[in-house]
1. Only one of Glu246, Glu238 is over 22 Å from Lys307 (Cα atoms), open to solvent by 80 Å² or more (accessible area, probe 1.4 Å) and in a loop (DSSP other than H, G, I, E, B); which?
2. In segment 96-132, how many are under 21 Å from Asp144 (Cα atoms) and in contact (Cβ under 8 Å) with a residue 24 or more places away in the chain?
3. Given the options Asn75, Asn88, Asn135, name the one that is under 30 Å from Pro279 (Cα atoms), open to solvent by 20 Å² or more (accessible area, probe 1.4 Å) and touching a residue at least 60 places away in the same chain (Cβ under 8 Å).
4. Considering only segment 187-235, state which residues are surrounded by 18 or more Cβ atoms within 10 Å (Cβ to Cβ) and modelled with pLDDT under 95.
5. Take segment 176-194 and flag every residue that is farther than 23 Å from Asp287 by Cα and without any contact (Cβ under 8 Å) to a residue 60 or more places away in the chain.
6. Can you name the number of the only condition in (1) open to solvent by less than 30 Å² (accessible area, probe 1.4 Å); (2) among the hydrophobic types (A, V, I, L, M, F, W, C); (3) over 18 Å from the mean Cα position of the chain (by Cα) that Leu37 fails?
7. Is at least one residue of segment 58-72 part of a helix (DSSP H, G or I) and either open to solvent by 30 Å² or more (accessible area, probe 1.4 Å) or among the polar types (S, T, N, Q) (or both)?
Amino acid sequence: MKNFLYLFLIGILFTSCDDEVNKKQNLSNSSGRLNNLSIIVDNNLWEGEIGEVLRENLASPVDGLPQQEPLFSMNQIPPKAFSGFVQNNRTFLKVGQSKAPQFEVVKDTFAKPQTGIFVSGPSKEAIIETLNAHNDEIIKSFKDTEIKEQQRRISKSLKADKLLEENLGVSLKFPTAYRYAKTDEDFFWIRKDIPNGSMEILVYEVPFRVIDKDTNVIGNIIKMRDSIGKERVPGPTEGSFLITEEAYAPYLFTSKIDGKFAYETRGTWEVKNAFMAGPFINYAVKDEKNNRYVILEGFVFRPSATKRDNIFELEAILKSAKLK
């Protein structure tokens, strides 16, 4: 009898697992614009303090852009309307009432790939406290999802990176819409033309001492960028060249590229002796194996237009780097 009961329970377990696998396999493909969140919350909560906190946390300005642009664009959806194709959005945050504070990150619930986050509590104050306490995790979960989606889209049509790999030992996944503007042995400049502007990628290497010579890391990165800009990135007129904008110090963070420590710098660039400027993102990847920093930089020139999605595309490309 005990053996029969044991086998019965095992059978239920495997049946449940099979049902879950089948459910995942039958999910629709997720959809939605990049960096666009579905916020499922009652209208009265959205229009009150909870909505203010959500907007303050998730629509805060992106660091390093020359004008204010939100981290995520948000579409508020009442819970009753969250059904059918509306559930297929790649990212969603659902806020509601519960007896105790709850926070949960879920994957592939209604579509795939999909990241959903459920936040609830017994009161407005409890919900706000939970939102604030988990804000960094919420942002990271959604941003990681969007980076992966951007990289998936890029991977559909890749430009050959053999030159990069042979000369600098760097593999980089970028689309065929980009072209090589300069291919020196130790310096690569890759460009994509866009309406009324361009998107640029620089890849080069520097010795450890360039960045690690003292504790002023951000100052050393600025000097490095300005030196490379003067030597390698000329502007549109004679005597003009790329520099870090002098009026504002860039933001400095730590990150990881290909599992390796990296300094992440975000700020604005300008052209010395010319009227050109825009945002940049720079990764100085510490390559212990080869005693160097690999510098991966992307910058955008798109005057009088939004640039969040352009710099995000460059971020996704740079984060695809692999060091040999």
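1. None of the others qualify; the one that does is Glu238.
2. Qualifying residue count, segment 96-132: 16.
3. Values: Asn75 fails: touching a residue at least 60 places away in the same chain (Cβ under 8 Å); Asn88 fails: under 30 Å from Pro279 (Cα atoms).
Among Asn75, Asn88, Asn135, only Asn135 is under 30 Å from Pro279 (Cα atoms), open to solvent by 20 Å² or more (accessible area, probe 1.4 Å) and touching a residue at least 60 places away in the same chain (Cβ under 8 Å).
4. Across segment 187-235, the qualifying residue is only Gly235.
5. Listed by number, the residues that qualify are Thr176, Ala177, Tyr178, Arg179, Tyr180, Ala181, Lys182, Arg191, Lys192, Asp193.
6. Only one criterion in (1) open to solvent by less than 30 Å² (accessible area, probe 1.4 Å); (2) among the hydrophobic types (A, V, I, L, M, F, W, C); (3) over 18 Å from the mean Cα position of the chain (by Cα) is unmet by Leu37, namely (3).
7. No: zero hits.
Yes/no matrix, rows are residues, columns are (1) of a type outside the set (Lys, Arg); (2) surrounded by fewer than 19 Cβ atoms within 10 Å (Cβ to Cβ); (3) part of a helix (DSSP H, G or I):
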{"site": "Arg55", "(1), (2), (3)": "no, yes, yes"}
{"site": "Phe92", "(1), (2), (3)": "yes, no, no"}
{"site": "Gly96", "(1), (2), (3)": "yes, yes, no"}
{"site": "Lys99", "(1), (2), (3)": "no, yes, no"}
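The values are calculated or read from the model by the stated rules, or taken from the named source; none is laboratory data. The shown structure was predicted, so the numbers you read here are calculated from the model rather than taken from an experiment. Note that we place each Cβ from the backbone using ideal geometry, even for glycine, and neighbour counts take in every protein chain shown. To get the accessible areas, we keep the full protein, side chains included, count just its heavy atoms, and leave off ligands, DNA and RNA. Shrake-Rupley method; radii C 1.70, N 1.55, O 1.52, S 1.80 Å.
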